[in-house]
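The values are calculated or read from the model by the stated rules, or taken from the named source; none is laboratory data. From a predicted model like this one, the values you see are computed outputs, not experimental measurements. In this analysis, Cβ positions are derived from the backbone assuming ideal geometry, glycine residues included, and neighbour counts consider all displayed protein chains.
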Amino acid sequence: MARLPRLTAPGLPHHIIQRGNNRQPIFLDEVDCVRFLKDLADLAAVHALAIHAYVLMPNHVHLLATPAENDTLARFMQALGRRYVRWFNTRHRRTGTLWEGRYRSTVVESDRYLLACMRYIELNPVRAGLVDDPSAYRWSSHKHQLGLRSDPLISEHAVYWSLGNTPFERQLAYRRLFDQGTQAEEIEAIRTATQRGWVLGERGFIEEIAAKAGRRASPVRPGRPRKMPI
């Protein structure tokens, strides 16, 4: 079956995952992480990509970002991949690929899933057993959202700002989102949409994106197609 073209929607957030080849580590120490974040910031500015949340895991990266144009995300990820791999290979005296094929992504309905995606991304280190609390993990956007540090890489989304009228109100409301825990259904919805390239949102939003893209934006429902009446 031919691969469907990637779904992109300028002005809307996208959840992006890039993994190491064969799940091999892509960050061997903090120097690698610092370098990757520098490349991330430099290229986000060049390509007009607003980054709302991120986490660097040992063998993969999650981003939540809004592209300005249709090709913004593709150009950004290509430039980021090439720049970091060239530096990583030189530093660690290795050759060959670092990434597991092309990145995975999904268009996210802001009102319904943006905060859920931020929570999913920043809880990755907890689910992986690296820390007990997301604020204890250095390589994510979580401390910025809580006001524990200022991260110049982050562009706060309007949905995040809607959590309160002051920074303190927003940070407190955001912290409470993590106290609630994450539903298994929510995690599965985010994972499936991102891995398969489907839109993450309600039915009306999915249909709108599909109409603009000229391709399916959600899986085909199982079962035989209904017969047309004679």
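Scanning the stretch 124-138 for residues that are surrounded by fewer than 20 Cβ atoms within 10 Å (Cβ to Cβ), part of a loop (DSSP other than H, G, I, E, B) and not basic (Lys, Arg) yields a count of 6. Contact map, the stretch 123-148: residues that are within 17 Å of Gln171 (Cβ to Cβ) paired with residues that are in a helix (DSSP H, G or I) and among the small types (Gly, Ala, Ser), Cβ distance under 8 Å, separation 6+ or inter-chain. Pairs shown: His142/Ser135; Lys143/Ser135; Leu146/Ser135; Leu148/Ser135.
Among residues of the stretch 163-200 being basic (Lys, Arg) and surrounded by 13 or more Cβ atoms within 10 Å (Cβ to Cβ), the one that is nearest to Ile121 (Cα to Cα) is Arg191. Return a yes/no flag: does the stretch 156-166 have any residue that is of a type in the set (S, T, N, Q), modelled with pLDDT of 90 or more, closer than 25 Å to Val55 by Cα and part of a helix (DSSP H, G or I). The answer is no, given that none of the residues of the stretch 156-166 is of a type in the set (S, T, N, Q), modelled with pLDDT of 90 or more, closer than 25 Å to Val55 by Cα and part of a helix (DSSP H, G or I). On the stretch given as the stretch 78-111, residues that are surrounded by fewer than 17 Cβ atoms within 10 Å (Cβ to Cβ), touching a Ser or Thr at 6+ places or on another chain (Cβ under 8 Å) and not in a helix (DSSP H, G or I) total 0. Kindly indicate whether Arg75 is of a type outside the set (A, V, I, L, M), in contact (Cβ under 8 Å) with a residue 12 or more places away in the chain and either in a strand (DSSP E or B) or in contact with a helix residue (DSSP H, G or I) (Cβ under 7 Å, 6 or more places away or on another chain) (or both). Taking the combined requirement at face value, the residue does not satisfy it. Of all residues assigned to the stretch 194-217, at least one qualifies as being modelled with pLDDT under 90, outside any helix (DSSP H, G or I), within 23 Å of Tyr103 (Cβ to Cβ) and touching a Phe, Trp or Tyr at 6+ places or on another chain (Cβ under 7 Å). Selection of the stretch 28-59 for residues being touching a strand residue (DSSP E or B) at 6+ places or on another chain (Cβ under 6 Å) and either assigned to a loop (DSSP other than H, G, I, E, B) or among the acidic types (Asp, Glu) (or both) yields only Asn59.
Scanning the stretch 139-162 for residues that are aliphatic (A, V, I, L, M), farther than 23 Å from Gly11 by Cα and either touching a strand residue (DSSP E or B) at 6+ places or on another chain (Cβ under 9 Å) or surrounded by 14 or more Cβ atoms within 10 Å (Cβ to Cβ) (or both) gives a single hit, Leu146.
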